[in-house]
Amino acid sequence: MRIDVLNERISTLDRDVVVRVFLPDGYENSEKRYPVLYINDGQDVFRDEQAFWGAESLRFEQYYKDYGKFLPEVILAAIESPEDHAVRTAQYSPFTKDFVVPEGKTFEPHIEGKGVPYLDWMTADLKNKIDSLYRTLPDADHTGICGYSTGGLNSVYAIVKYPEVFHRAIIMSAAVCIWMDKLEEVLKEADYSHIKKLYLDTGTNEFGRMTTKEEFLVGAETVRGYFAKGGLGDDILKYNIYQDAIHNQREWRMRFPDALRWVFHEF
């Protein structure tokens, strides 16, 4: 196992970003090529001290040391989010929208979505660099995207709008409900035939900055419905609802390894 640190610039947003690239055991001693998973909120993937806002991480570095032989062999490209909540939400949001913010909520009344230029950078500049530096399997069949919360919204959008890049996705606790009017316009017109493997989940006790637990469930079920109507059967789509699970990294830490196994099961 090796984790490289790349200091990159999101050219489409004029913003610096840290990308941590995880290489599985055996990478340095073979000529093998590997699939790649691009991960939003990459600061949360490997160690607690790298996470923002005092959050725990997915602790994947330690998990891999303990149980790596039970995991698929995949390169992870973990892309840090902006540390400011509002900037992060805008970066991952593919849509622009005005909101009526209830009293007591700390949410932006207007979000100018930057999700499309962010994904344009990821799928061109960053992907080209990763493919040039590392022994990847660069085709879409071997490339996935992962995200939770608004990063999950970004991943839903990416898997349907960038079919030439992504054929796999891990989407945990996606914060989609407040965007559903915009998102459904995309999902209604989407072609899902390219998707090889997709993992989708939510908990029954999740709250966001603007989203109730009921809305999280409605959002996840609505997205699942579009994927199912698009032809994704149980052999492609894994959909889990976790009883009493809340909206934090500790919960996603428990779910991520099995999601990774599902989405890249043949590796």
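Listed here are the residues, each with its yes/no results for (1) more than 30 Å from Glu185 (Cβ to Cβ); (2) outside any strand (DSSP E or B).
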| residue | (1), (2) |
| --- | --- |
| Asn7 | yes, no |
| Val17 | no, no |
| Phe22 | yes, no |
| Ala55 | yes, yes |
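For Ala78, the requirement of being free of Cβ contacts under 8 Å to residues at least 12 places away in the same chain, closer than 22 Å to Glu8 by Cα and within 18 Å of the chain's Cα centre (by Cα) is not met.
A quick yes/no check of all residues on (1) of a type in the set (A, V, I, L, M, F, W, C); (2) surrounded by fewer than 20 Cβ atoms within 10 Å (Cβ to Cβ); (3) in contact with a strand residue (DSSP E or B) (Cβ under 6 Å, 6 or more places away or on another chain):
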{"position": "Asp25", "(1), (2), (3)": "no, yes, no"}
{"position": "Leu37", "(1), (2), (3)": "yes, no, yes"}
{"position": "Gln50", "(1), (2), (3)": "no, yes, no"}
{"position": "Phe60", "(1), (2), (3)": "yes, no, no"}
{"position": "Tyr63", "(1), (2), (3)": "no, yes, no"}
{"position": "Glu83", "(1), (2), (3)": "no, yes, no"}
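Consider the stretch 139-166 and keep the residues that are of a type in the set (Ser, Thr, Tyr) and assigned to a strand (DSSP E or B). The one that is surrounded by the most Cβ atoms within 10 Å (Cβ to Cβ) is Tyr148. Please indicate, with yes or no, whether at least one residue in the stretch 109-128 is of a type in the set (Ser, Thr, Tyr) and surrounded by fewer than 15 Cβ atoms within 10 Å (Cβ to Cβ). Scanning the stretch 109-128 turns up no residue that is of a type in the set (Ser, Thr, Tyr) and surrounded by fewer than 15 Cβ atoms within 10 Å (Cβ to Cβ). The condition of being at pLDDT below 95, buried (at least 16 other Cβ atoms within 10 Å of the Cβ), over 23 Å from Pro35 (Cβ atoms) and of a type in the set (A, V, I, L, M, F, W, C) holds for Leu217. Here Arg209, Arg250, Arg255, Arg261 are screened, and the one residue that is modelled with pLDDT under 95, part of a helix (DSSP H, G or I) and within 20 Å of Asn40 (Cα to Cα) is Arg250.
Taking every residue in the stretch 94-105 that is over 12 Å from Asp181 (Cβ atoms) and pairing it with any residue that is at pLDDT below 85, at least 6 positions away or on another chain, the pairs with Cβ-Cβ distances below 7 Å are Lys105/Arg209; Lys105/Met210.
If you check Ile171 against the conditions, is it within 27 Å of Trp262 (Cα to Cα) and either without any contact (Cβ under 8 Å) to a residue 12 or more places away in the chain or surrounded by 24 or more Cβ atoms within 10 Å (Cβ to Cβ) (or both)? Can you show your working first?
Numbers: within 27 Å of Trp262 (Cα to Cα): yes; either without any contact (Cβ under 8 Å) to a residue 12 or more places away in the chain or surrounded by 24 or more Cβ atoms within 10 Å (Cβ to Cβ) (or both): yes.
When the stated conditions are applied, Ile171 passes them.
Filtered by the rule that a residue be in a loop (DSSP other than H, G, I, E, B) and free of Cβ contacts under 8 Å to residues at least 40 places away in the same chain, the stretch 106-137 gives Glu108, Pro109, Glu112, Gly113.
The values are calculated or read from the model by the stated rules, or taken from the named source; none is laboratory data. Being a predicted model, the structure only gives us computed values, none of them experimental. Glycine also receives a Cβ, built like all others from the backbone with ideal geometry; neighbour counts cover every protein chain displayed.
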